[in-house]
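The block underneath contains the structure these notes are about, expressed in structure tokens.
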Amino acid sequence: MKLTINGAVHDVDVEPEMPLLWVIRDELNLTGTKYSCGVAACGACTVLVDGQPVRSCSFPVGGVSETAAITTIEGVAQGGALSRVQQAWIEHQTPQCGFCQSGQILAATALLNEIPQPTDEEIDARMSNICRCGSYPRIRAAIHAAAKA
Amino acid sequence: MTDRDNASPESDETPAAETPSGRPPRKGPSRRLLILGGLAVGGGVAIGAGLSPFSRIDEQRRLAGRPGETVLVSALRIAPDDTLTVIYPHADMGVGNGTALAQIVADELDADWDRVRIERAPAELAFANGALGQAFLRGENEIPAPMAGFAWLVTRRIAEEMRLQITGGSTAIPLTGMEGMRHAGASARYMLTRAAARAWGVPVSEVAIEGGRLVHASGRSAGFGEMAEAGLAFTPPARLPLKSRGSYRVIGKPKQRLDIPPKVTGEAMYSGDVRLPGMLFAAIRACPTPGGTLASCDTSPAEGRRGVAKVVTTPTAVAVLADNFWRARQAVEALDPQWDPGANRSLDSTAVIAAMKASAAGEGLKKDHSRGKAGVEIAAAGDKAIERVYTAPYLAHAAMETVGCVAHFKDGELHVWGAFQDALSAKYQAAKTARLKPQQVTIHHTEMGGAFGRRGFTLDYLDHAIDIARQTDAPVNLIYTREEDMTHDFYRNASAARMRAVLGADGAPTAIVHAYAERHDPPDASHFPYALENVEVRYSTGDNAAPWGAWRSVDHSVQGFFIESFIDELAHEAGEDPYTYRRRLLSDDARSLAVLDAAAEMSGWADNLAAGSPRKLGISIRKSFGTIVCEVAEVVIRNDGSLHVPNVWVAADPGLVINPNGFAQQMESGVIYGLTAALYGEINFVDGAVKQRNFWDYQMVRMADCPRIEVKIIESGAKTGGAGEPGTPPIAAAVANAVFQATGERLRDLPLAKAPIRAAV
Ligand code: FES
Ligand code: FES
């Protein structure tokens, strides 16, 4: 089956029920996307499928259409330039251990694509990924900053 | 059940686990005792043997060297282009301590911050942490004056003996930084300025460091890289003059964390991200009951499945090795292992907590500490004494990265890729488990996706990885599923406290007796910060079958809740505002008062009170790991009875702050971690096994329930305290105290969100 990830087309030969996460991590070795709960409860594995945030640990690869554009954290920076979300993340010193941050950045990217100037309530509703280090206040601040950038 | 009920009166000896890091008890004499003994017996010998500060530099250069660069002192490597790499003997659990430590070195050396990089020290004896050794040596006391000049040398040797590279107990900055890294920076300055003086033929007193370069009035100047090699000819003395606080230029600045950029691009590499030729992923199922074993397992349902390379068993677990973690996991879950749960088959946390309550109410408790005659006073008061009972449940660490690591046996050596709070101890444990010599084990550092104490001395995942890897030639990447991680943690202990007090005519307590179970670390966690003439604190002993591990702030996490809830109750009994009541009891402690006042002011406490308390606020103050933190929490009870915390105000005095932005981040982090525990955290053992399995039944604070957190830092000038842990202890009581303001109901059992709360009328 063919998958288009960060603009590149990959041929993969896997069971269709394998979650997209494990195709990305263990077949294609794009390790920026993380496993934490495996049951769609935390968002560490968030990627974008045609711009929509998807918890890839619970999304069978067989359900991904061959034409779908998948974006992982490795594809967020364009031509070596960090995206405005990534820049805002650095500016606000958001990551701590960093483990949840690929998922957070992709969730925020999707949010800003859909709602360019989100309110706090919209951030509350859309940013449901867990961060055990407690970077939420800085994620919120960074999203507002990226919205203005 | 535990044998807690059998706790009997014994001597007041201190248990054998007294470290600032929450080290679990070990058999035999404590490390501190060994060290003190070692000092008494062998300390002089170490000095006599001519141990110089640079006796290890050759080994350090070999281990941390890079072609063309110079390892000037153990903490610093200098490249020809003046890039300075600060090598630090700690893990970074996510708190940014590498950056803060580098700030300390850079400041002492007046280095150009833009050229500073950080690197974790290799997990090798040559990089054992001398500053920590010194702290252990000192215990609660200062170094005896005659020893002071030698302490740094001696303790470095001791750190080697102890294999110390621990990160925990918020020690990185106060000890490694303020004791070790400043000295490293000063040593580098000593060496570089002398090298320049010799090269230029001028007195060393005329060589200065400006803008990160060595300069002389004649107009000559040189970068550090140019003088680094020549600097090695100079041996700095053991004690060097250090900068005074007023002259810091990098310390105290909100420098950006150097570890962050790879964490926004996905490049940061955690152990699960390691890829090696021929590597297999391992999914494990270990016996769900602590201390239990694998009785038998028919491995055939896993064999022959796509991608599965091997099914292996160990005495306590079964694991599947496959080319893809998902395939390994599917296969291991197809098995039906038969466990022998052993002695803990009926471990039940409800029964444990009931037993703890009973023991705290019983006789024959060990003395923790006391002053005056509190026991007599309380007995005399009879049923006039105010008595309250509090409980706290077991907690898991539940870092976002589940535990695991990579192990590979090759050519008689073991290589491990992983994240450990004390990588040097991990190396020795790995050698022991693998039955190899320490020299045959190499630890390759990876990033750590959170730890909060989990990756300190409870390295079951390392042992499992080794036990599995020794059964194959392939490198093995062991990843715990969330379910395995949550059910095989080393838990924050459950706890219960019975607190009694009598109040004097002015409402202040004249005596308090605090009895609790169980006592771990640090020793001052059960202390009241308040001026009390009569106070007695006792605890019940008894080994608990539940695996114990250091959990962010350790005993402070429960004692903060017990003590600050009880003081709040006493304030209400006395008919006084809980803030002014605490103020009165802290009137002799200027540092605490300043912190208390700052938090009250930030929250608008007085105005709110004057307005009849429309906002429901609770206050709590705790000193832990050298930092005093006061938190005010606001709660809202929603119509459905659910509890929401919209705001938390934090005032903190760490004495001196290295990186204000990083410190504030740790206060936020500590509050949120503690709030998750306060509201939701609860691990239950039922029939010998942990019931909670994933985030759907072990709930977390997320963005929508995360309060706005405002942090104010007060620098009193006291000795530098920690940052990673002190934000956690006050929050549970602050919230519970606010709930009381909101509802008139006192919640004495954690977690708070479990209580049926009536919406305020
Ligand atoms: S790992 Fe996918 S949501 Fe948690
Ligand atoms: S930064 Fe550590 S879990 Fe979010």
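None of the figures in this text is laboratory data; all of them are computed from the coordinates on show. Everything numeric here is computed off the predicted structure, so don't read it as measured data. Here Cβ is always computed from backbone atoms with ideal geometry, including for glycine, and neighbour counts include all displayed protein chains.
At a glance:
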| read-out | value |
| --- | --- |
| Label-point separation, B:Asp411 to B:Ala379 (7 Å along Cα→Cβ), nm | 7.2 nm |
| Net length gained if the chain between B:Tyr428 and B:Ala354 were fully extended (0.36 nm per residue, minus Cα distance) | 22.7 nm |
| Average beta-carbon neighbours from other chains, 10 Å sphere, peptide A:35-46 | 6 |
| For the range B:89-95, 3J(HN,Hα) per residue [Karplus equation, 6.51 cos²θ - 1.76 cosθ + 1.60, θ = phi - 60°, Hz, x = Gly/Pro] | x, 9, 8, 10, 7, x, 9 |
| Charge context of A:Ile73, other residues only, Cβ under 13 angstrom, K/R +1, D/E -1 | 0 |
| Modelled FRET efficiency - R0 60 Å, B:Asp340 with B:Arg245, Cβ distances, 0.05 increments | 0.50 |
| Kirkwood hydrodynamic radius (C-alpha pairs) into Stokes-Einstein, the range A:2-75, 10 °C and 1.306 mPa s, D in µm²/s | 134 µm²/s |
| Relative pair counts by distance (%), Cα atoms of the range B:430-577, 10 Å bins | 9, 29, 23, 17, 12, 7, 3, 0 |
| Packing-based exposure ordering (other Cβ within 10 Å, fewest first) of B:His572, B:His445 | B:His572, B:His445 |
| Volume per residue of the C-alpha convex hull in the range B:602-728, rounded to whole Å³ | 139 Å³ |
| Percent of beta bridges antiparallel (DSSP, the protein assembly as shown, rounded to nearest 5) | 75 percent |
| Which listed pairs, of B:Lys616/B:Lys712; B:Lys253/B:Lys712; B:Lys253/B:Lys427, have C-alpha distances above 26 Å, in listed order | B:Lys253/B:Lys427 |
| Selection from B:Ala398, B:Ser587, B:Phe740 lying farthest towards where the dipole of the protein assembly as shown points positive, charges on Cβ | B:Ser587 |
| Cα-based Kirkwood hydrodynamic radius, chain B, one decimal, Å | 27.6 Å |
| Antiparallel %, DSSP beta bridges [both residues in chain B], to 5 | 75 percent |
| Charge dipole of the range A:84-148 about the Cα centre (unit charges at C-beta), most positive-ward option of A:Gln86, A:Thr109, A:Ile130 | A:Gln86 |
| Per residue Cα convex hull volume in Å³ - calculated over the range B:291-331 | 64 Å³ |
| Burial order of peptide ranges A:78-84, B:498-504, B:526-532, B:723-729 (average beta-carbon count within 10 Å, highest first) | B:723-729, B:498-504, B:526-532, A:78-84 |
| Potential extension, B:Glu267-B:Arg306 segment - 0.36 nm per residue separation minus Cα distance | 11.1 nm |
| Charge sum, other residues only, whose C-beta stays under 15 Å from B:Val264's C-beta, Lys/Arg counted +1 and Asp/Glu -1 | 0 |
| Shielding score for A:19-31, defined as the mean number of other chain Cβ atoms within 10 Å | 4 |
| Whole-number D in µm² s⁻¹ for the protein assembly as shown, Kirkwood Cα-pair radius fed into Stokes-Einstein, 25 °C, 0.890 mPa s | 85 µm²/s |
| FRET efficiency for A:Asp13 and A:Ser58, using Cβ-Cβ distance with R0 set to 30 Å, rounded to 0.05 | 0.90 |
| Built amide H within the under 5 Å cut-off of B:Ala309, gap 5+ | B:Leu321, B:Ala322, B:Asp323 |
| The range B:611-671-the range B:475-554 distance, computed between alpha-carbon centres (Å) | 20 Å |
| Links that overshoot a 24 Å alpha carbon limit, given the list B:Lys263/B:Lys691; A:Lys34/B:Lys410; A:Lys2/B:Lys310; B:Lys357/B:Lys754; A:Lys2/A:Lys34 | B:Lys263/B:Lys691; A:Lys34/B:Lys410; A:Lys2/B:Lys310 |
| Using θ = phi - 60° and Karplus 6.51 cos²θ - 1.76 cosθ + 1.60, couplings along the range B:559-565 (whole Hz; Gly, Pro as x) | 5, x, 5, 4, 5, 6, 6 |
| Phi-based couplings in Hz for the range B:387-400 (Karplus 6.51, -1.76, 1.60; Gly and Pro marked x) | 10, 9, 10, 10, 9, 9, x, 5, 9, 8, 6, 6, 5, 5 |
| Space enclosed by the convex hull of the alpha-carbon atoms of the range B:251-391, per residue, Å³ | 270 Å³ |
| Projected area, mean over directions - chain A, Cα convex hull, nm² | 8.3 nm² |
| Residues listed by number, the range B:553-585, amide nitrogen under 13 Å from B:Lys754 label point at 7 Å toward C-beta | none |
| Relative contact order (percent, whole number), chain B, Cα cutoff 8 Å, 6+ residue spacing | 15 percent |
| Ordering of B:121-128, B:303-310, B:475-482 by packing [mean C-beta count within 10 Å, highest first] | B:475-482, B:121-128, B:303-310 |
| For residues of B:691-703, the mean tally of beta carbons on other chains within 10 Å | 5 |
| Stokes-Einstein D for the range B:657-714, Kirkwood Rh over Cα pairs, 20 °C, 1.002 mPa s (µm²/s) | 159 µm²/s |
| Along principal axes, Cα extents of the range A:84-148, largest first, whole Å | 28, 22, 17 |
